[in-house]
Amino acid sequence: MTLEFAYQFRQDAARSDLRDLDRVALMTAATSDDGDVLAPGTEGTIVSVYRGGEAYVVEFPTPVGALATVRPENIRLVERAPV
């Protein structure tokens, strides 16, 4: 992750109530940390939450172990993680 990318989360962004281990789907294309393009509709699991929901690290099954940092407006909840 580049420094410029990390600083974009310092802006006043809308926060979300999503949490760790929630299953989500992309609403827009995203690029993984390895440079793979993930299509809209691709489902993954939230593995980290930045600043109370300003951004999320999501792990996707394909390609294996792909991670992408996404904003809450770019994902939708598929299934809430059990408490």
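The values are calculated or read from the model by the stated rules, or taken from the named source; none is laboratory data. Just so we're clear, the structure is a prediction, and the values are computed from it rather than from any experiment. Ideal geometry is used to build each Cβ from the backbone, glycine not excepted, and the neighbour counts take in all protein chains shown. Ligands, DNA and RNA are excluded from the accessible area calculation, which covers all protein heavy atoms including side chains. Shrake-Rupley method; radii C 1.70, N 1.55, O 1.52, S 1.80 Å.
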Item to check | Count of residues meeting criterion [open to solvent by 50 Å² or more (accessible area, probe 1.4 Å), more than 19 Å from Ala29 (Cβ to Cβ) and part of a strand (DSSP E or B)] in the range 44-76 | outcome: 3
Next on the checklist: Of the conditions (1) touching a Leu at 6+ places or on another chain (Cβ under 6 Å); (2) at pLDDT 95 or above, Asp33 satisfies every one except a single condition; which number is it?
Outcome noted: (2)
